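Visitor: Got a structure for you, questions after.
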Amino acid sequence: MTNNPISLPIIQKLIGFDTTSRESNLELIDYVQQYLAEFGIDTRLVHDEEGRKANLYATVGPTDRAGICLSGHTDVVPVDGQAWDSDPFEAMVKDGKIFGRGSADMKSFIAIALAFVPQLLDRGLKTPLHFAFSYDEEVGHLGAKRLVEVMREMPVKPAMCIVGEPTSLGVIIGHKGKKKVRVHVHGHEAHSSLTHEGVNAIEYAARLITFMQELARKWQKEGPFDEDCDVPFTTMQVGLISGGTAPNIVPKSCSFNMEIRHLPAVDPEVLFDEIRRHARDVIEPEMKSVAPDAGFEFEETPPNLALDTDPDEPVVAFVKRLAGQNKHGKVGFGTEAGLFQKRVGIPTVVCGPGDIAQAHKPNEFITLDQVRKGEEFMARLADYVCTETL
Ligand SMILES: [Zn+2]
């Protein structure tokens, strides 16, 4: 091959680190940190609680003013049980494609950003670029959730953010958010011949689940709707349930997991509040009339935030120009973009090379053509940051 993309060696290097979310990402982070240090760039690491993983934040160019943040996650989904034709953690270039876990989702974007560092510094930046590389995106955005708390306190915050998830360089301004709750139903145990003396936790769980199902059907029929989303209404489901000890015992406990995948403009707390109120005001009084300590307990996990960027935000037109696009859209998959937008207040879009259809699959790949288009995107961004101030 005559004109390989300049980022190819770094793409190969990054794919070579097995950063499956359950593993540490520190070897990759260490590599990036050393690479940047060679150019005199300081990095800030934000570790997880055990110090096994880290987010990396770095600024290329002047540190006294707001710049443009390029964000990507360093972790990848597992290859367990997938039939790969090559080693998933050794990049293979074949037929105009780079095969390897993370090639599309989303190590190529990170590699392209890194590959441009030498020429950015040679030319000199008037507007800084900030790199925000996270861990554990694939398992609940855990890394970025810690990173944004640090970014909130930074004296100089990025003025805009581009999350380089694979959109084939489409400019994405919105996606759904997800709220997950584990519901514990506390009942009262009794012999199964004495049902009136017990509080059947499974049956009361079913009552609440039925209410949720009716609510979800109402959202599907009556909206609100967002026709830019592929599933244009908010959905909800129960995906896991367990309870009871024996067929002849009135069960004292039952737990289930529910999730709400809500439209960008919908507040999931308002929706969830309706469920909580129904449990408290309609179902619980009946339970407590038999056993005062019976009732519902809601264990909420930090939500995956929706992205809901106003199409009139300057970042939208700016990134369209970089990507050579004249339209924007919304996607069905979630990203860390909502965290930057909602927790730090940075106008954010999702735009990166590669196709989400190849993500998470065996023989994941990115085409060399997409990598080149990603480099063209970066070259236009480099022209901007080396000549203009925000
Ligand atoms: Zn991803």
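Visitor: In region 250-257, is there at least one residue being surrounded by 14 or more Cβ atoms within 10 Å (Cβ to Cβ), out of contact with any Ser or Thr (no Cβ under 8 Å at 6 or more places or on another chain) and over 23 Å from Pro292 (Cα atoms)?
Guide: Yes; the residues of region 250-257 include at least one that is surrounded by 14 or more Cβ atoms within 10 Å (Cβ to Cβ), out of contact with any Ser or Thr (no Cβ under 8 Å at 6 or more places or on another chain) and over 23 Å from Pro292 (Cα atoms).
Visitor: Further, regarding this structure: Which residues, counting only those in region 114-159, are within 16 Å of the ligand (Cβ to nearest atom) and buried (at least 23 other Cβ atoms within 10 Å of the Cβ)?
Guide: Ala132, Phe133, Ser134, Tyr135, Glu137, His141, Gly143, Ala144, Leu147
Visitor: Take the residues in region 59-75 that are part of a loop (DSSP other than H, G, I, E, B) and of a type in the set (Ser, Thr, Tyr), then tell me which one is nearest to the ligand (Cβ to nearest atom). Outline the logic, then answer.
Guide: To start, the set of residues in region 59-75 that are part of a loop (DSSP other than H, G, I, E, B) comprises 61-67, 74-75.
Next, from what is left, pick out any that are of a type in the set (Ser, Thr, Tyr): 63, 74.
On the way: Thr63: 28, Thr74: 10 Å.
Among residues in region 59-75 that are part of a loop (DSSP other than H, G, I, E, B) and of a type in the set (Ser, Thr, Tyr), the one nearest to the ligand (Cβ to nearest atom) is Thr74.
Visitor: Could you list, in sequence order, the residues of region 140-173 that are more than 18 Å from Leu307 (Cα to Cα), assigned to a loop (DSSP other than H, G, I, E, B), touching a residue at least 60 places away in the same chain (Cβ under 8 Å) and among the aliphatic types (A, V, I, L, M)?
Guide: Listed by number, the list holds a single entry, Val156.
Visitor: Could you tell me whether region 322-334 includes any residue that is at pLDDT 95 or above, surrounded by 17 or more Cβ atoms within 10 Å (Cβ to Cβ), outside any helix (DSSP H, G or I) and within 13 Å of the ligand (Cβ to nearest atom)?
Guide: no
Visitor: Does Val93 satisfy the criteria of being surrounded by fewer than 24 Cβ atoms within 10 Å (Cβ to Cβ) and within 11 Å of the ligand (Cβ to nearest atom)? Can you show your working first?
Guide: On the way: surrounded by fewer than 24 Cβ atoms within 10 Å (Cβ to Cβ): yes; within 11 Å of the ligand (Cβ to nearest atom): no.
Taking the combined requirement at face value, the residue does not satisfy it.
Visitor: Same structure, new question: Does Met154 satisfy being under 25 Å from the mean Cα position of the chain (by Cα), assigned by TED's automatic domain parsing to the domain that holds Gly324 and farther than 18 Å from Thr19 by Cβ?
Guide: Numbers: under 25 Å from the mean Cα position of the chain (by Cα): yes; assigned by TED's automatic domain parsing to the domain that holds Gly324: yes; farther than 18 Å from Thr19 by Cβ: yes.
Spelling it out, Met154 is indeed under 25 Å from the mean Cα position of the chain (by Cα), assigned by TED's automatic domain parsing to the domain that holds Gly324 and farther than 18 Å from Thr19 by Cβ.
Residues are listed down the side, and each one gets a yes or a no for (1) assigned to a loop (DSSP other than H, G, I, E, B); (2) under 25 Å from the mean Cα position of the chain (by Cα); (3) away from the ligand (no atom under 16 Å from the Cβ); (4) not assigned by TED's automatic domain parsing to the domain that holds Glu137:
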| residue | (1), (2), (3), (4) |
| --- | --- |
| Gln12 | no, yes, yes, no |
| Glu27 | no, yes, yes, no |
| Asp30 | no, yes, yes, no |
| Gln34 | no, no, yes, no |
| Leu45 | no, yes, yes, no |
| Phe109 | no, yes, no, no |
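Visitor: Within region 344-363, identify whether any single residue is under 22 Å from the mean Cα position of the chain (by Cα), in a helix (DSSP H, G or I) and away from the ligand (no atom under 16 Å from the Cβ), and answer yes or no.
Guide: No: zero hits.
Visitor: Is one or more of the residues making up region 33-51 at positive phi and crowded, with 17+ Cβ neighbours inside 10 Å?
Guide: Looking only at region 33-51, we keep the residues that are at positive phi, and these are 40, 51.
Filter once more, so that each one left must be crowded, with 17+ Cβ neighbours inside 10 Å: none.
Among the residues of region 33-51, not one is at positive phi and crowded, with 17+ Cβ neighbours inside 10 Å, which makes the answer no.
Visitor: Which pairs turn up if I take residues in region 81-94 that are modelled with pLDDT of 95 or more and look for partners that are surrounded by fewer than 16 Cβ atoms within 10 Å (Cβ to Cβ) with beta carbon separation below 7 Å, at least 6 apart in sequence or on another chain?
Guide: That search, which allows pairs on different chains as well, returns Gln82/Pro362; Ala83/Pro362; Trp84/Pro362; Met92/Ser86.
Visitor: Now for a different question. Select, from Val371, Val349, Val319, Val315, the only residue that is under 30 Å from Glu90 (Cβ atoms) and in the same structural domain as Val77 (by TED's automatic domain parsing).
Guide: Numbers: Val349 fails: under 30 Å from Glu90 (Cβ atoms); Val319 fails: under 30 Å from Glu90 (Cβ atoms); Val315 fails: under 30 Å from Glu90 (Cβ atoms).
The match here is Val371.
Visitor: Residues in region 147-158: is at least one of a type outside the set (Lys, Arg), modelled with pLDDT of 95 or more and in contact with a helix residue (DSSP H, G or I) (Cβ under 7 Å, 6 or more places away or on another chain)?
Guide: Scanning region 147-158, I find at least one residue that is of a type outside the set (Lys, Arg), modelled with pLDDT of 95 or more and in contact with a helix residue (DSSP H, G or I) (Cβ under 7 Å, 6 or more places away or on another chain), so the answer is yes.
Visitor: Please state which of the following conditions Val183 fails to meet, knowing it meets all the rest: (1) more than 16 Å from the ligand (Cβ to nearest atom); (2) touching a strand residue (DSSP E or B) at 6+ places or on another chain (Cβ under 6 Å); (3) assigned by TED's automatic domain parsing to the domain that holds Cys69.
Guide: (3)
Visitor: All but one of (1) surrounded by 24 or more Cβ atoms within 10 Å (Cβ to Cβ); (2) closer than 27 Å to Phe39 by Cα hold for Ile98; state the number of the condition that does not hold.
Guide: Evaluating Ile98 over (1) surrounded by 24 or more Cβ atoms within 10 Å (Cβ to Cβ); (2) closer than 27 Å to Phe39 by Cα leaves (2) as the failure.
Visitor: Right, here's the next one. In region 365-384, how many residues are surrounded by fewer than 22 Cβ atoms within 10 Å (Cβ to Cβ), touching a residue at least 12 places away in the same chain (Cβ under 8 Å) and not small (Gly, Ala, Ser)?
Guide: Residues meeting the conditions: 9.
Visitor: List the number of the failed condition for Leu305; all other conditions in (1) aliphatic (A, V, I, L, M); (2) surrounded by 14 or more Cβ atoms within 10 Å (Cβ to Cβ); (3) farther than 23 Å from Glu336 by Cα hold.
Guide: Result: Leu305 passes all but (3).
Visitor: If you don't mind, there's one more thing I want to ask. Run down Val231, Val199 and say which single residue is buried (at least 19 other Cβ atoms within 10 Å of the Cβ) and of a type in the set (A, V, I, L, M).
Guide: Details: Val231 fails: buried (at least 19 other Cβ atoms within 10 Å of the Cβ).
Being buried (at least 19 other Cβ atoms within 10 Å of the Cβ) and of a type in the set (A, V, I, L, M) holds for just one of Val231, Val199, which is Val199.
The values are calculated or read from the model by the stated rules, or taken from the named source; none is laboratory data. Owing to the predicted nature of the structure, the values given are computational and were not obtained by experimental measurement. As a convention, Cβ positions derive from the backbone with ideal geometry for all residues, glycine included, and neighbour counts pool all protein chains shown.
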